[in-house]
Amino acid sequence: MHDAGMSAIMVKFQDHHTELKLEKDTLYNLVIQEESGEKIEMLYFTAKPETGQGEVLLFKWDANANSLKPIRTVMDGMDMDQSLYRIKEGYKWQVEGVYRIRKKVPRGNVIEEIRKDIKFLEGMKSRRTITQNAK
């Protein structure tokens, strides 16, 4: 995935998040909020929902380009590039929403499927932004 310009990281939700009843081999969109109030879109692929483990891709909304921009991530202590988004061990976000997107796709061109998922999210985010700005 890294070669395709997608920086995925493995995460583990806290034990109390297992009450979300996330399904194995399913892709979700989580809208999360940082302590600063800025929102991040997360694609979360469940690996072991019973333990809260999965793989994530993080994106920030670029209103000027009307698109989601990938966030290049690094776990704190492994930083080799100051432009990377640092995530300290134990860092917590506020989850604003959880949306099921699809089940696992067959092996093959998974990267292309993820790109389609990102386009879908951009369409949803664009409509949300327009609705919020109209208020």
### Message
As a footprinting exposure proxy, order Ser67, Ser36 by other Cβ within 10 Å, with the fewest listed first.
### Response
Ser36, Ser67
### Message
What does the extension gain come out to for Lys12 and Gln53, with contour length at 0.36 nm per residue minus their alpha carbon separation?
### Response
14.3 nm
### Summary
Lys and Arg at +1, Asp and Glu at -1: neighbours of Ala65 with Cβ under 12 Å from its Cβ sum to +1
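No lab work stands behind these numbers, since they all come straight from the coordinates. All values reported here derive from a predicted model rather than from experimental measurement. As a convention, Cβ positions derive from the backbone with ideal geometry for all residues, glycine included, and neighbour counts pool all protein chains shown.
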